[in-house]
1. From Cα pairs below 8 angstrom and at least 6 apart in sequence, can you work out the relative contact order of region 22-221, rounded to a whole percent?
2. For region 276-282, in order, what is each residue's ³J(HN,Hα) by Karplus, 6.51 cos²θ - 1.76 cosθ + 1.60 with θ = phi - 60°, in whole Hz (x at glycine and Pro)?
3. Could you identify which residue out of Gly238, Gly78, Gly212 has the top mean-square fluctuation in a GNM of the chain using Cα springs shorter than 10 Å?
4. Convert each backbone phi in region 290-307 into a coupling constant with the Karplus relation 6.51 cos²θ - 1.76 cosθ + 1.60 (shift: θ = phi - 60°), then list the ³J(HN,Hα) values in order as whole Hz, x for Gly and Pro.
5. Near the amide H of Gln83, under 5 Å away, which other amide H atoms are found, from residues 5 or more places off or on another chain, if H is placed in the peptide plane?
6. Take Phe106, Phe333 and order them by how many other Cβ atoms sit within 10 Å, fewest up front.
7. Give the long-range amide H neighbours of Gly272: residues separated by 5 or more places, or on another chain, with amide H under 5 Å away, using H modelled in the peptide plane at 1.01 Å from N.
8. Once you order the gyration tensor axes a ≥ b ≥ c over the Cα atoms, which shape class does region 22-221 get: rounded for a/c under 1.5, otherwise prolate or oblate by comparing a/b with b/c?
Amino acid sequence: MDQFVIEGGRPLRGEVEIGGSKNAALPILIATLLTDEPCRLDNVPTRLRDIRTTIRLLESLGKTVAVRGGSVLVSSAGSLKTQAPYEIVKQMRASVLAAGPLLARFGLVRVPIPGGCAIGLRPIDIHLKAFRELGAREIADHGDVILSAAPQLAGGRVRLRFPSVGATEHVMLAAAATPARTIIDNAAREPEIADLAAFLVKLGAKVGGAGGSRVVVEGQRRLRGARHRVMADRIEAGTFLIACAAAGGRLRLRGARGADLAAVIAALKRAGAAVSARGDGLEIEMRGRPRPVSIATAPYPGFPTDLQAPWMALMALASGASIVSEAVFENRFMHAAELGRMGASIGVSGAEAAIAGVARLTGAPVMACDLRAGAALVIAALAAKGRTTVQRVYHIDRGYERLERKLCEVGGRVRRVKR
């Protein structure tokens, strides 16, 4: 099992190329189930475990997938299967999104019900309710859910009780192959939703309002192939911005889009960082300790929950007290105890963490419990004095492509060690 060995206390300086967005690439890859024609996707972070799992899912359902660097070519290998294998779905919750395209195309699909995960239950009841509103019927059977729609899904209006990214994407995927008009109210507004919409339009569906709270999809019975470039990963960009703010220095992030990170950039500026748009990316410079800035996570355009843990690592070094409130997922503060091993002073009560900033963190053996918690520990280690060993970096590998190499290119001392 791999681990990172990090020698901290060095500022970050130079340029980082921000890769393609995992959270955008996953539903776009699954959207290739909507057509029998070839699709080419560029700027895909193909080294990530979740991407490789999605490719295996497509292949298990009957697609042929070829990977060349950061490009993925998906083509038809015959008739598609309508049952997703449990062995794949249990590894990645996003696999359940395959149900929508298959249900819309074939009127019947069987998928395993995803279980819980370290950051909360994240149930799919919002997804199932939406499909019921579009005319589907469901049966639970031995850990699976069977969805049927005879003769096919109907259009209609769906109102999500929460602006769930996964549910919004799932309904959009199904609606694209439903020859009717579907309206999604209280839709998620994340930039990845707009990127999925752009791909669906290239396939031949009509999609309006993506990026707003109401999305309208007019689907087609038959969709074509298309080529699409996946957007840059705003969470990777935000992670590097926060890492520079913690360790100090000056970074330029090529490909990062400031509009996607407005809430994070505003918080960084309040903390004392200088952040600006530069050409095709962003630039950040940080000197001295950060000022304390309290944040509360919220659906986009609010502060992203995926950057809550990295922000806590930064605030552990702040020149004062701050509060971090988690309003999106329950049970997402498990990194607080590991940061405490490095000298952070953090008290957790329910959905709030109270942080008393310290002048210095010290290296220690720590363990990543999920993807973003792992990123937080890496950030803390970069700023800490001495050596930190981060265990279970397979969590980090789910969402960051070549993280250790990118950090080394800008002055970090990070080694991957196989145990």
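Read-outs throughout are calculated quantities, based only on the coordinates presented, and are distinct from any laboratory measurement. Keep in mind that what you see is a predicted model, and the values were worked out from it rather than measured. No Cβ is skipped: glycine too gets one built from the backbone with ideal geometry, and neighbour counts run over all protein chains shown.
1. Details: 414 pairs, mean separation 33.5, N = 200.
Once normalised by length, the contact order is 17 percent.
2. 8, 7, 9, x, 9, x, 10
3. Among Gly238, Gly78, Gly212, the largest mean-square fluctuation in the Gaussian network model of the chain belongs to Gly78.
4. Couplings: x, 7, x, 9, 7, 9, 10, 5, 7, x, 3, x, x, 5, x, 4, 5, 10 Hz.
5. The list, which skips near neighbours in sequence, is Arg110.
6. Values: Phe106 16, Phe333 23.
Arranged by neighbour count, lowest to highest, Phe106, Phe333 become Phe106, Phe333.
7. Arg291
8. On the way: a/c = 1.26, a/b = 1.14, b/c = 1.11.
It is rounded, given that a/c, with a ≥ b ≥ c, falls under 1.5.
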